[in-house]
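The values are calculated or read from the model by the stated rules, or taken from the named source; none is laboratory data. Here the structure is a predicted model, which means the values were calculated and not measured. We place every Cβ from the backbone using ideal geometry, glycine too, and count neighbours over all the protein chains shown.
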Amino acid sequence: MKKHSLAIVSVLALVGLIVAACAQPTPEVVEVTRVVTETEEVEVTKEVVTEVEVTKEVERIVEVEKELEPVEIVLWTKEGEADGGLQFVQSLADAYTAEHPNVTFEVTNKDVETLREDFLTAGLAGAMPDLLWTVNDHAGPFTDAQLVMATDDLFDLGKYVASARAAVQLGEKTWGVPISNGNHLMLLYNKDLIEEAPADTDEMIEKGLELTTGDQYGLVYNQTEPFWMVPWLGGFQGAVFAPDGKTPTLDTAEMVDTLQFLYDIKYTTPIIPAESDYDGADTLFKEGKAAMIINGDWSLGSYKDVLGDKLGVARIPMVSATEQWPHPYTSGVYFMLPVSLEEASEAKMEAVKGFISFVTNATNQALMVAKLNRLPALEVALDDPLIANDPILKGSADQMTVGTPMPTVSEMRCNWDAMKPEMGAVLADTKAPADAAADMQAAADNCVATLD
Amino acid sequence: MQYLTPDVIFNALGEVGSTVLFILLAAVVLELLVYFLWSPLTAFSRVLDRRLRVLGAVPRHAASTILLVGALILVVAMVSPGREPSPLAPYWPVPLLAFVLGSFLSPNLVKVFKPDLRLPYMLLAPAIVGLLLLQVYPLLWELNVSFTNLSPRHFQSPDFVGLVNYIEVFTKPVLKQVHFVPVFLRTLLWTAINLTFHVGGGMVLALLLNRDLRFKGLYRTLLVLPWAIPQVIAVLAWRGEFHYEYGFVNILLRNAGLSALQWLTDPVWNFLGMCLTNIWLGVPFMMVILLGGLQSISGEFYEAAEIDGASPVQQFRHITLPLLQPVLTPAIILGIIWTFTNFNVPFFINQNELETSDTLVTALFRSAFQYFNLGDAAAFAFVNFGILFVLSALYVRASGGLKGATE
């Protein structure tokens with residue numbers, strides 16, 4: 001009996017697999033009547049042909065679409081859940097699918113470094129996604145590997161902010177479509193703990209020492225990534241590249257001063273935690289255990305949710321020794337199109353282009369400003385009163401004025417990889433700033449030599 | 001993000017089902033082919049062997065080896081390292097022909113095609129094909145890459161650079177600062193520390209459990225739990241507990257009046273954190289293996305030793321250890337290999353990418369997938385493989401530990 005039962009179950013399982021494997025998606029037949037007005041949008045359903053009567057004079061567009069080719073767009077995004085970015089991306093995808101029922105999305109979140117690594121690996125394996133939502137400095141390695149396509153001929157890029165376009169321009173071509181402008185660091189502070197942002201580093205240290213107790217810190221920031229170090233390098237009048245934009249210049253007096261400054265605010269005049277990564281700093285600030293945090297515009301939404309009116313935004317304090325403002329890197333977030341789209345169907349390419357235009361239209365740019373507190377890439381959206389009247393966005397825009405465009409060349413990867421361990425060594429008190437600067441220069445030179 | 005609707009579930013099952021079905025069908029077809037072709041091939045190999053005997057065994061071996069090795073080299077050269085296909089790809093019949101000729105010439109062919117080996121080869125055929133596709137082909141691809149400068153700037157069609165990558169493994173930093181020898185020595189230290197505590201801790205626990213003890217089953221279950229938890233989950237949990245502000249380790253230290261430690265940024269404490277995590281993970285495995293071995297030792301030996309006046313230490317040294325050797329030797333070899341090649345613990349605990357905490361395996365991963373020096377990384381991988389192979393062979397030979405199992 002047991003043998004028979006086993007045989008029957010096996011046969012049923014096999015039949016089930018065969019049936020499931022042979023299942024074919026049925027093509028959808030959609031008849032859509034869409035009425036477009038200047039101020040109204042009509043919700044479109046798949047099965048129902050709906051005609052809405054309007055009292056105003058409107059432009060009627062009636063489209064009947066039969067046997068639409070189903071298109072699935074695989075979108076990799078660097079937006080995370082913590083600051084609501086991923087949810088925003090998903091909501092845009094859902095909204096586009098609601099208007100174009102044949103287009104569906106598979107949205108996958110990957111953090112910035114993972115996205116870069118995985119995309120290069122996918123490129124080698126011939127399994128690239130259909131669209132990237134990522135940061136501008138990925139343009140360098142992706143164009144070197146010839147894995148993304150230029151967008152100059154695909155979109156009207158003139159409607160985007162010039163600085164945003166410039167951040168993905170390499171070799172006279174543009175390698176992305178801007179979504180937001182900025183992606184820059186700034187000083188955020190909790191008004192319950194500190195009434196006004198410090199004007200310079202001396203004041204920051206003075207106030208920080210008063211605020212740093214056993215359970216609280218004056219300042220927190222991500223101590224593991226050199227992205228948080230380079231603003232100070234700018235404040236000490238240093239730069240990571242020579243004027244040619246490709247030769248690393250890390251072993252400089254300015255870099256030594258920067259590393260010494262970071263060491264001092266940890267050990268000499270301690271106002272920061274002994275150890276803190278991004279999540280640690282973020283949590284301390286949200287829990288009210290840190291008066292100030294240096295973080296990026298992507299975090300504004302979540303801090304606003306937690307602190308409300310208590311959140312203050314200001315420039316990273318001026319370096320007292322040089323009387324220069326720190327220069328955080330400015331760039332933005334971009335769509336990048338993998339070259340695999342050239343071999344995809346026309347329907348998919350049109351769907352991708354349509355989605356990009358949809359996300360960067362005035363309505364959704366304003367929505368992004370409202371939901372994520374990021375500056376828009378669309379030039380006309382900058383005139384939105386939401387930006388001028390919002391103190392947070394105003395502070396963010398003010399910080400951008402002293403920012404510096406982030407280099408997108410591949411050599412910048414060498415700089416990041418060289419600076420990270422040395423910055424860590426100085427902060428761990430295992431290496432002197434002068435030695436660290438020399439070692440990071442050697443590492444960067446070594447890396448640049450291997451690029452070719 | 002796709003929500004888990006019935007449509008999504010059904011589609012996913014369909015994709016999995018069709019893949020499984022395809023594999024099953026392919027395996028059945030392959031086995032039928034082997035089954036029906038075996039007899040003709042057996043007859044053919046015998047006829048061929050008789051006809052080719054005039055050439056002599058040595059020339060046949062030599063010619064066969066040259067053709068087979070040549071076929072292998074051609075296949076390696078044809079496997080495209082970059083995105084563009086290799087220019088040699090259209091000549092694929094050449095290595096195939098060389099392989100077939102080399103096989104036919106070989107005097108060993110007739111030893112393979114024997115009537116009584118039809119069933120074993122038929123059953124092994126799908127596994128052989130699977131291994132060829134999933135192990136051999138990637139290895140050949142990697143070998144090819146190790147002779148090229150495959151990197152983001154040479155992604156489409158990398159250049160052949162010969163042995164340069166292999167030389168640079170020893171002469172240039174494998175990452176940004178650190179060279180090969182310090183990483184290798186650190187990996188040896190990591191392996192030695194972990195294995196010492198794994199074997200020592202496992203032995204102590206096994207000896208404690210190898211006696212009449214109340215709730216022995218409960219203790220055994222609890223002690224095995226670290227091994228049962230998926231390793232990545234356990235390591236990520238430990239990493240969280242090493243967090244400076246919120247980890248329980250530092251909270252305990254602070255409550256005990258001690259200073260909190262920088263587990264994730266200080267080179268020494270990060271390395272120790274890695275060791276602590278891996279020891280916690282590895283002791284249960286050794287405990288289970290050694291407990292099994294202890295339970296197979298007859299109590300009569302210990303009774304006789306007691307009668308002769310041997311102390312517990314002497315009993316352990318002269319009875320337990322020698323009789324455990326057939327069990328201990330493979331366990332230690334496995335321990336060496338697993339610890340040496342352990343990726344999860346060093347990679348995830350060292351989240352800040354301290355080069356002072358990298359082992360050979362994590363350094364290889366970073367070189368390949370973070371810095372994308374794929375040519376260098378491929379050469380590095382083969383050097384690692386060579387070291388591990390030599391270490392394992394040396395240990396087995398030196399200890400003679402497998403003699404007891406084979407006698």
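Assigned to a helix (DSSP H, G or I) and out of contact with any Phe, Trp or Tyr (no Cβ under 9 Å at 6 or more places or on another chain): is that true of residue B:47 in this structure? Lay out the reasoning, then the answer.
Details: assigned to a helix (DSSP H, G or I): yes; out of contact with any Phe, Trp or Tyr (no Cβ under 9 Å at 6 or more places or on another chain): yes.
So residue B:47 passes the test.
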- Can you pull out the helices (runs of 4 or more DSSP H) entirely within segment A:342-452 that have at least 3 residues that are away from chain B (no Cβ under 11 Å), over 30 Å from residue A:69 (Cα atoms) and at pLDDT below 90? A:362-372, A:385-389, A:391-401
- Check off (1) over 16 Å from residue B:201 (Cβ atoms); (2) out of contact with any Asp or Glu (no Cβ under 9 Å at 6 or more places or on another chain); (3) in contact (Cβ under 8 Å) with a residue 12 or more places away in the chain for residue B:300 and give me the number that stays unchecked. (3)
- Somewhere in segment B:24-41, is a residue within 12 Å of chain A (Cβ to nearest Cβ) and surrounded by 12 or more Cβ atoms within 10 Å (Cβ to Cβ)? yes
- Please state which of the following conditions residue B:234 fails to meet, knowing it meets all the rest: (1) without any contact (Cβ under 8 Å) to a residue 12 or more places away in the chain; (2) surrounded by 13 or more Cβ atoms within 10 Å (Cβ to Cβ). (1)
- Sole exception among (1) aromatic (Phe, Trp, Tyr); (2) modelled with pLDDT under 85; (3) more than 30 Å from residue B:324 (Cβ to Cβ) for residue B:395, by number: (3)
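Does any residue of segment B:168-175 turn out to be aliphatic (A, V, I, L, M), under 24 Å from the mean Cα position of the chain (by Cα), surrounded by fewer than 13 Cβ atoms within 10 Å (Cβ to Cβ) and part of a helix (DSSP H, G or I)? Don't jump to the end; show me each part of the working.
First, the residues of segment B:168-175 that are aliphatic (A, V, I, L, M): B:169, B:174-175.
Subset that is under 24 Å from the mean Cα position of the chain (by Cα): B:169, B:174-175.
Subset that is surrounded by fewer than 13 Cβ atoms within 10 Å (Cβ to Cβ): none.
No; the residues of segment B:168-175 include none that is aliphatic (A, V, I, L, M), under 24 Å from the mean Cα position of the chain (by Cα), surrounded by fewer than 13 Cβ atoms within 10 Å (Cβ to Cβ) and part of a helix (DSSP H, G or I).
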- For residues in segment B:54-92 being part of a helix (DSSP H, G or I) and among the polar types (S, T, N, Q), which is farthest from the other protein chains (Cβ to nearest Cβ)? B:64
- Item | Single residue of A:304, A:286, A:266 found to be closer than 30 Å to residue A:414 by Cα, surrounded by fewer than 23 Cβ atoms within 10 Å (Cβ to Cβ) and of a type in the set (D, E, K, R) | A:266
- Query: Just a yes or no: is a residue in segment B:336-359 within 14 Å of chain A (Cβ to nearest Cβ) and hydroxyl-bearing (Ser, Thr, Tyr)?
  - Reply: yes
- Message: Consider segment B:363-383. How many of its residues are within 14 Å of the chain's Cα centre (by Cα) and within 14 Å of chain A (Cβ to nearest Cβ)?
- Response: 0
- Can you tell me which residues in segment A:166-205 are under 21 Å from residue A:393 (Cβ atoms) and basic (Lys, Arg)? A:191
- Message: Which residue is surrounded by the most Cβ atoms within 10 Å (Cβ to Cβ), if the candidates are limited to segment A:72-128 and must be within 24 Å of residue A:370 (Cβ to Cβ) and in contact with an Asp or Glu (Cβ under 6 Å, 6 or more places away or on another chain)?
- Response: A:85
- Please state which of the following conditions residue B:95 fails to meet, knowing it meets all the rest: (1) in a helix (DSSP H, G or I); (2) of a type outside the set (Phe, Trp, Tyr); (3) in contact (Cβ under 8 Å) with a residue 40 or more places away in the chain. (3)
